[in-house]
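Taken together, the values in this text are just the output of simple stated rules run on the coordinates, not laboratory data. Here the structure is a predicted model, which means the values were calculated and not measured. FYI the Cβ positions are ideal-geometry reconstructions off the backbone, even for glycines, and counts take in every protein chain you see.
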Amino acid sequence: MDRMSQILSEGVECPSCAEKSPQDAVTCGSCGAALRVEDPSLSVTAGAGLDSGHPRVPGEVPLEASPNFILLQKAANGARDASMPPEEYRAAVKRLRTLSDIGQKIMSTDLVKDRVAALPEDQRAACEDLLGGFVDIDAGTTRMLAWLTSGDLLDVTEGAALAERGFRLVERARDTASWLFAQESGD
């Protein structure tokens with residue numbers, strides 16, 4: 001199984017009991033512990049430090065200024081302080097989830113998987129970051145949507161933190177790909 005298929009199928013290991021749960025699970029099916037978020041007090045800050053280690057290419061928008069990241073923050077903050085009506089929140093989170101779904105579908109096609117498998121390791125790693133980011137955005141937005149029925153703001157906080165981690169992985173993949181392209185073209 002190639003690494004991209006493995007990312008989609010391997011599931012998430014529970015930090016409490018080490019059992020595997022489905023990739024999109026937010027709690028462990030065995031012990032009920034929260035999955036993926038190390039610090040439940042996070043406020044849209046998970047994944048900070050997921051830097052590619054490469055300089056940002058001039059003209060690229062930093063994550064904090066991207067419209068989708070701003071929408072994520074607006075939705076999370078709007079739920080927390082009750083400034084965003086539930087239907088507006090649902091629409092915002094679903095928009096982010098749709099982008100993630102499209103990315104996962106593209107990255108999961110046989111054509112893309114075959115081409116990624118043929119890439120050098122550094123380029124393949126950037127593609128794996130991209131897919132991993134889409135998976136995290138999907139899981140995070142799923143958790144954020146759960147708040148609409150649970151009323152538990154922890155769904156918003158942990159979901160937003162996981163989605164942010166996904167956005168940071170996507171940003172890292174972009175920065176790495178830009179740097180690799182610049183290296184190959186001699187810039």
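On the basis of the beta-carbon distance and an R0 of 30 Å, E121 and T98 show a calculated FRET efficiency of 0.45.
Roughly speaking, what is the stretch gain from A65 to A182, that is 0.36 nm per residue apart minus the C-alpha to C-alpha distance, in nm to one decimal? All intermediate terms of the calculation are to be shown ahead of the outcome.
Details: separation 117, 0.36 × 117 = 42.12 nm, distance 2.30 nm.
The A65-A182 span can extend by a further 39.8 nm.
Across 10 Å bins from the origin, how do the percents of Cα pairs in region 92-150 run, short distances first? In order of increasing distance, the bins hold 23, 44, 23, 9, 2 percent.
Stokes-Einstein diffusion for region 127-172 at 37 °C, viscosity 0.692 mPa s, with a Kirkwood radius from C-alpha pairs, works out to 322 µm²/s. Between T149, A161, A75, the Cα set farthest toward the positive side of the dipole of region 55-187 (charges on each charged residue's Cβ, about the Cα centre) is that of T149. Label-to-label distance, R90 versus A18, with points set 7 angstrom from Cα along the beta-carbon direction: 4.2 nm. The fewest-to-most ranking of E19, E128 by surrounding Cβ atoms within 10 Å reads E19, E128. Expressed in Å, the radius of gyration and Dmax of the Cα atoms of region 56-187 are 16.4, 53.
Give the distance, in whole Å, between the Cα centre of region 119-171 and the Cα centre of region 89-117. With region 119-171 and region 89-117 each reduced to a Cα centre, they are spaced 11 Å.
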